[in-house]
Amino acid sequence: EKGGWDSFMDKEIHEDPAAVQRTLLGRLDKNGDLNLDEVRIEEHELKAIDKIIVVACGTAAYAGQVAKYAIEHWVRIPVEIELAHEFRYRDPILTPRTLVVAISQSGETMDTLMALRHAREQGSKVLAICNTQGASIPRESDAVLYTHAGPEVAVASTKAFVAQITAAYVLGLYLAQVKGAMFRDEIQATLDALKAMPRKIQWILDTQAATVRKAAEQLTDAKSFLFLGRHVGYPVAMEGALKLKEIAYTFTEGFAAGELKHGPIALVDEGEPVVFIVPPARGRNVLHAKVISGIEEVKARGAAIIAVAEEGDPDVERYADIVFWRPKCPTLMSPLVDVVPLQLFAMDMAKLKGYDVDKPRNLAKSVTVE
Ligand code: BG6
């Protein structure tokens, strides 16, 4: 069942490239137009959508947070992301022009299901991004976009995360097409960039796994970790922190890197491991410079710097103690590669500590109570 791997998590991380690839498969019809799986929403209603609210829990919520950056940039409508269990109890503003996007690997998470029911009762349309055919969440939604990651067995979500980002990006491009927010060739070029990602993820698996393993060996006994990122690197930092706490039972916090000076830097002491997601260095990327200055700040306080960064980034080479390299790719695509070494790192740490990586204590794969 594990296909030669010694855990499902191992197998599923190695299926990250295929999960992205399969989720992209068959999305274009013969006219070159993008298609979703099931859309029971009238075209004029879709055109009128003026706000998106993503509801989800755990890893799925971080996928939604990544998608916010891309969809707002492409479609030019506001995208909010909210934890499903918070959404329902705060009297959210929902209109027939709000599209609620429910993201769920299992399709059975009760918090997410209750949130989508609430949204529909208020007259909003709901689109599900789900990995399980015919589950409750897609069944109760107005439209469905399936992630084709294949069954995910390990409790900590890995391949579903990259598939969820991919699906949410397809949704963004679909809305851009319907609303005429992007030119056809821009949509095509973005899809091409997405299609190039499975190969780049594979490169990480092939070339960075040994470095990740060595880092885990060096850091096995670390008591806590900070994870920092900006822009799309922020939810990736949150997800990296979540993976490590879920399966290696290590105290972790994920922060927006810009927030460092407003509080978290107080935690930084000699030897504290701090993981930075560093944005692409090309051009005059202002985000890159900001993240590097964050690295300088914590380095000056004696932190151990672990960076996820673009191949050959000279600033990172100068400051980081350990680097997980990513191949060059556009900023909006970078979460699909950046999360992969963090998934491997959490798994290696948990294995080195002797824990069952597939069945972490106290957690369930699908939480069907509110
Ligand atoms: C949690 C799982 O309880 O539910 C997480 O342990 C998962 O891994 C979260 O991200 C949401 O699950 P789903 O199935 O709705 O994506």
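Read-outs: derived from the displayed coordinates by stated rules, not from any lab. All values derive from a computational prediction rather than experimental measurement. In this analysis, Cβ positions are derived from the backbone assuming ideal geometry, glycine residues included, and neighbour counts consider all displayed protein chains.
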Let's see if you can work this out: charge +1 on each Lys and Arg Cβ, -1 on each Asp and Glu Cβ, no other charges. What is the dipole magnitude of the chain about its Cα centre, in debye to the nearest 20?
400
Could you order the peptides 133-145, 81-93 from most to least packed, using the average number of other C-beta atoms within 10 Å per residue?
133-145, 81-93
Given 4 °C and 1.567 mPa s, how large is the Stokes-Einstein diffusion coefficient of the range 2-52 in µm²/s, with Rh as the Kirkwood radius over Cα pairs?
90
Specify which residue in the list Ala102, Ile265, Leu191 is farthest towards the positive end of the charge dipole of the chain, using unit charges on the beta carbon of Lys, Arg (+1) and Asp, Glu (-1), about the Cα centre.
Leu191
Using the structure shown, list the pairs from Lys261/Lys290; Lys2/Lys159; Lys51/Lys125; Lys11/Lys68; Lys223/Lys261 with a Cα-Cα distance above 18 Å, or answer none.
Lys11/Lys68; Lys223/Lys261
Is any residue of the range 75-95 close enough, with backbone N under 14 Å, to a label point placed 7 angstrom from the Cα of Ala48 along the Cα-Cβ axis, and if so, which?
95
Taking the alpha-carbon centre of each part, the distance from the range 341-367 to the range 28-88 in Å is 30
Among Asp269, Asp321, Asp348, rank each residue by its count of other Cβ atoms within 10 Å, from fewest to most, as a rough exposure measure.
Asp269, Asp321, Asp348
Taking neighbour Cβ counts within 10 Å as the exposure measure, how do Ile165, Ile53, Ile265 sort from fewest upward?
Ile265, Ile53, Ile165
Tell me, Tyr319, Tyr146 in order of fewest to most beta-carbon neighbours within 10 Å?
Tyr319, Tyr146
Farthest positive-ward along the chain dipole, Cα basis, beta-carbon charges - from Pro280, Leu242, Leu352
Pro280
Please work out the FRET efficiency for the pair Gln188 and Ser293, using the Cβ-Cβ distance as r and a Förster radius of 41 Å; give the result to the nearest 0.05.
0.65
Dipole of the range 1-99, positive end: most advanced residue of Val79, Ala56, Gly3 [Cβ charges, Cα centre]:
Val79
Span from the the range 126-194 Cα centroid across to the the range 254-276 one, whole angstrom
33
Rounded to two decimals, the Debye log10 I(q)/I(0) of the range 316-370 (Cα scatterers, no solvent) at q = 0.20, 0.21 Å⁻¹ is -0.90, -0.92
